[in-house]
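Working notes, beginning with the structure itself.
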Amino acid sequence: MNAKTPSRLEKILRAGHLAVTSECGPPRGSDIRHLVQKAETIRRHVDAVNITDNQTSVCRLCSLAACIRLKLMGLEPVLQMVVRDRNRIALQSDILGAASFDIHNILCLSGDHQRFGDHAQGQNVFDLDSMQLLQTVRRMRDEGRFLGGDPIERPPAMFVGAAENPFADPFEIRVPRLAKKIAAGAEFIQTQCIYNVERFERWMQGVRDRGLHEQAFILAGVTPLKSAGMARYMKNKVPGMDVPDEVVKRMAGVPKDRQAEEGITLCVETIQRLKEVPGIAGFHIMAIEWEERVPEIVERAGLAPRPAVP
Amino acid sequence: MIVAERKPIEEILPWLEGARSVLVLGCNECVTVCEAGGKKEAGMLAATLRLLFAKEGREVNVGERTLERQCDPEYLDELRDTIDGYDAVVSLACGVGVQFTAERYPSKPVYPGVNTCFMGAALERGVWAERCQGCGQCLLALTGAVCPVARCAKRLLNGPCGGSTAGKCEIGPDVDCAWQLIIDRLKALGRMADYERLIPVKDWSKDRAGGPRKVVREDVRP
């Protein structure tokens, strides 16, 4: 398969390498130094870095500005874009803004409901949904046209991705839903963090049965747990998250000062197990405010060094 | 029906400062059914106001009246002879009725006695739930007659999102996931194949986004 965009992530995936992506959250202010530092820490161990878009509806520095910053540092950003806060005019406008800085990856998302964030009284937009955003980016790129129909000068050359949560309900539509996202234009998929590997394997079986792994690159999402408390929080408080009891038990079974190490080890083991699952094209390591441990996870999981692509 | 909730009396009282006669105006339509602004509620509000005015030592004449509906000029005209006897009107109709009453009587202050909430139906006595947002382009044929615009917190036309858990919405365990309901319906109808049809980008110009809307039917105009 030939790459359709200049995206480094796309080239790596199409060359058949297991890709590694990670993510950084922008700051809650205009001081970008911490983000720059986080990006520097992981730059040699990942192929691309997602920048989250006001995740959990908490207001932060915009994903686009942070992506530009990474791009200027020579990193490969993935622009996360939620449809919660912007209508079709603003979304397309920001896509062009990103394209003008040669940002070549986008991840199309719905976004958490604003009630989780620090502006619960705000209006939400949802002019498009995440599938329609996928269609919109593909139309802009492949047909060189806005949603409204007018031509675009120098259309965005973006590798288009979507998220999928294999663990959300109802389980029976999780594979059809992936098929729908691919039909809408998704070329790569980053999954929700995987703790329940068995359930994930069942989902992947369904994905392979329909040949969907050959139509889009599936990057398995992992998040290292810092503590037993975090495991419990993820299990009970985060919508659509599946943390099995044995994971909580394992984390709680080691003394507090060693739980972080246990979390890293568990994450590495999960990656190693997932490497055996046919149809996985790479890993998306979401180390929430723990980016400094990403290089170690990548190395211990046998994913270093990262391949060079032309 | 249009579902409304009574406003707290503390919110209404300051508007009536200085008034010497107040008309509490109920409506016999939706707000009667949802027990927010019918004859019974008009009577209750009028009685409460009389009591509070008396407590303040104010002599205020509080009248009560309930029209067949306040969203129809014909019924509003029934007030023509009496309305001049009042300094202010508290309308217990929905926002439509409040505005229509004010439009009919331009020099009369009209205040809302209810908060108009949504278009919905009674799940049981005392419980009403939203079902329609009047988007102007009905999608129910595509979604098994469950509306994602009114019932999904993100109005996703191609849901569910990743936050659907055990049939409930990510915003709270009391809210059904609309897409779970849609999928259940499609299954019951033997139409699950429809789930994979992408619903195209919606024309929101027929929604409130397009500005204030009007329906004109030449065939029924006089």
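Just so you know, all these numbers are worked out from the coordinates, no wet-lab data involved. Predicted model only: the values in this text are computed from it and were never measured. When we count neighbours, we look across all protein chains shown, and the Cβ atoms used for this are built from the backbone with ideal geometry, even at glycine.
May I ask you to compute the full-extension gain from residue A:198 to residue A:236, defined as 0.36 nm times their residue separation minus their alpha-carbon distance, rounded to one decimal in nm? Walk me through the numbers before you get to the answer.
Details: separation 38, 0.36 × 38 = 13.68 nm, distance 1.94 nm.
Separation in residues times 0.36 nm, less the Cα-Cα distance, equals 11.7 nm.
Looking at the protein assembly as shown only, what percent of DSSP beta bridges run antiparallel? Nearest 5 please.
Working: 14 of 60 bridges.
In the protein assembly as shown, DSSP labels about 25 percent of beta bridges as antiparallel.
Tell me which trypsin sites (Lys or Arg not before Pro) from segment B:63-130 have a DSSP coil assignment and no more than 16 other beta carbons within 10 Å of their own. Display every interim value, and only then the final one.
Working: sites: B:65, B:69, B:80, B:104, B:125; in loops: B:69, B:80, B:125.
When the trypsin sites (Lys or Arg not before Pro) of segment B:63-130 are filtered for loop state and at most 16 Cβ neighbours within 10 Å, B:80, B:125 remain.
Tell me, what does the Kirkwood hydrodynamic radius of segment A:1-88 come to in angstroms if you use every pair of distinct C-alpha atoms?
About 13.8 Å for segment A:1-88.
Thinking of chain B as a set of Cα atoms, what percent of all their pairs are more than 24 Å apart? Walk me through the intermediate numbers first.
Values: 13633 of 24531 pairs.
Summing the P(r) tail past 24 Å for chain B gives 56 percent.
What do the square roots of 5 times the Cα gyration tensor eigenvalues come to for segment B:1-109, in whole Å, largest first, as semi-axes of the equivalent ellipsoid?
Semi-axes, largest first: 21, 17, 11 Å.
Compare A:279, A:74, A:97 in a GNM of chain A, Cα atoms joined below 10 Å, and give the one with the largest fluctuation.
Highest fluctuation among the options: A:74.
When only DSSP loop residues count, what trypsin sites (Lys or Arg not before Pro) in segment A:26-114 have their Cβ near at most 12 other Cβ atoms within 10 Å?
Sites meeting the loop and neighbour criteria: A:28, A:44.
Looking only at GluC sites (Glu not before Pro) in DSSP loops with at most 15 other Cβ atoms within 10 Å, what is the longest site-free stretch of chain B? Don't jump to the answer; show the numbers that get you there.
Values: sites that count: B:17, B:56, B:59, B:68.
With a cap of 15 other Cβ atoms within 10 Å, the longest stretch comes to B:69-222.
Residue B:20 versus residue A:73, label points 7 Å from Cα toward the beta carbon: distance in nm?
The modelled label-to-label distance comes out at 7.4 nm.
Among all the lysines, which ones have a C-alpha under 21 Å from residue B:202's C-alpha, if same-chain residues fewer than 8 places away are not counted?
A:180, A:181, B:154, B:214
Segment A:131-153 to segment A:203-280: how many Å between their Cα centroids?
35
Quick one: divide the alpha-carbon radius of gyration of segment B:104-212 by 2.2 N^0.38 Å and tell me what you get.
Values: Rg = 17.1 Å, N = 109, 2.2 N^0.38 = 13.1 Å.
With N residues counted in segment B:104-212, Rg over 2.2 N^0.38 Å equals 1.30.
Taking GluC sites (Glu not before Pro) as exposed when DSSP calls them loop (any state but H, G, I, E, B) and at most 10 other Cβ atoms lie within 10 Å, what is the longest stretch of chain A free of them, the sites themselves excluded?
The answer is A:1-152.
How many times 2.2 N^0.38 Å is the alpha carbon radius of gyration of chain A?
0.95
Please determine, in degrees from 0 to 90 and to the nearest 10, the orientation of helix B:178-188 with respect to the longest principal axis defined by the Cα atoms of chain B, where the helix direction is its Cα long axis.
60
Stretched out fully, how many nm does the piece from residue B:130 to residue B:33 gain, at 0.36 nm a residue minus the Cα gap?
Result: 33.4 nm gained on full extension.
Report P(r) for segment B:148-222: all Cα-Cα distances, bin width 10 Å, range 0 to the bin holding the largest distance, values in whole percent.
P(r) over segment B:148-222, rounded to whole percents: 17, 35, 26, 16, 6, 0.
With an 8 Å cut-off on Cα pairs and a minimum separation of 6 or more residues, tell me the relative contact order of segment A:161-228 in percent.
Dividing the mean separation by the residue count of segment A:161-228 yields 39 percent.
Which residue, A:46, A:58, A:20, has the most motion in a Gaussian network model of chain A that connects Cα atoms within less than 10 Å?
A:58
Compute the relative contact order of chain A as a whole-number percentage, counting only Cα pairs closer than 8 Å that sit 6 or more residues apart in sequence.
20
For Cα pairs less than 8 Å apart in space and 6+ apart in sequence, what is the mean separation divided by the residue count of segment A:153-310, i.e. the relative contact order in percent?
About 24 percent, as a whole number.
Specify which residue in the list A:113, A:123, A:54 is farthest towards the positive end of the charge dipole of the protein assembly as shown, using unit charges on the beta carbon of Lys, Arg (+1) and Asp, Glu (-1), about the Cα centre.
So the residue we want is A:54.
Of all DSSP beta bridges in chain B, what percent run antiparallel (nearest 5)?
On the way: 13 of 27 bridges.
Looking only at bridges with both residues in chain B, the antiparallel portion is about 50 percent.
Mind checking the angle between helix B:39-55 and chain B's longest principal axis? C-alpha axes, 0 to 90 degrees, to the nearest 10.
Once rounded, the angle reads 50 degrees.
Name all residues of segment A:89-115 having a backbone nitrogen under 17 Å from the label point set 7 Å from the Cα of residue A:154 along its Cα→Cβ direction, giving them as ranges.
Those under the cut-off are A:93-105.
Let a ≥ b ≥ c be the square roots of the eigenvalues of the Cα gyration tensor of segment A:163-310; is it rounded (a/c under 1.5), or, if not, prolate (a/b larger than b/c) or oblate?
oblate
Specify, per residue and in Å³, the volume enclosed by the convex hull of the alpha carbon atoms belonging to the protein assembly as shown. Present the calculation step by step, with values, prior to reporting the outcome.
Numbers: hull volume 108.6 nm³, N = 532.
Considering the Cα atoms of the protein assembly as shown, their hull volume per residue is 204 Å³.
Between residue B:137 and residue B:58, what is the label-to-label distance in nm when each label sits 7 Å out along the Cα-to-Cβ direction?
If labels sit at residue B:137 and residue B:58, their model points lie 4.9 nm apart.
So what are the ³J(HN,Hα) numbers for segment B:94-107, from phi and the Karplus equation (6.51, -1.76, 1.60; θ = phi - 60°), rounded to whole Hz, Gly and Pro as x?
Values, residue by residue: 5, x, 5, x, 4, 5, 5, 5, 5, 5, 6, 10, x, 9 Hz.
If you stretched the chain out fully between residue A:246 and residue A:56, how much longer would it get, using 0.36 nm times the residue separation minus the C-alpha to C-alpha distance?
65.7 nm
Would you please give the FRET efficiency between residue B:118 and residue B:77, computed as 1/(1 + (r/R0)^6) with r the Cβ-Cβ distance and R0 = 30 Å, to the nearest 0.05?
Efficiency, rounded to the nearest 0.05: 0.55.
Sorted from largest to smallest, which semi-axis lengths in Å does the alpha carbon gyration tensor of segment B:85-126 give for its equivalent ellipsoid, taking the root of 5 times each eigenvalue?
Each semi-axis is the square root of five times an eigenvalue, giving 26, 11, 7 Å.
Once the Cβ-Cβ distance between residue B:206 and residue A:93 is put in as r, and R0 is 30 Å, what FRET efficiency do you end up with, to the nearest 0.05? Walk me through the numbers on the way to the answer.
Values: r = 24 Å, r/R0 = 0.79.
My answer for the efficiency is 0.80.
Could you pull out every residue, at least 5 positions away or on a different chain, whose amide H is within less than 5 Å of the one on residue B:62? Hs are placed 1.01 Å off N in the peptide plane, and Pro or chain starts have none.
The answer is B:22.
When the helices in chain A are scored as -39500 (n - 2.57) per DSSP H run of 4 or longer and the sum is shared across all residues, what 222 nm value do you end up with, to the nearest 500 deg cm²/dmol?
Helix-only estimate at 222 nm: -11000 deg cm²/dmol.
Say R0 is 56 Å: what FRET efficiency, to the nearest 0.05, do residue A:118 and residue B:214 get from their beta-carbon distance?
0.90
State to the nearest 20 debye the size of the charge dipole of segment A:65-198 about its Cα centre, where the only charges are +1 on K and R beta carbons and -1 on D and E beta carbons.
180
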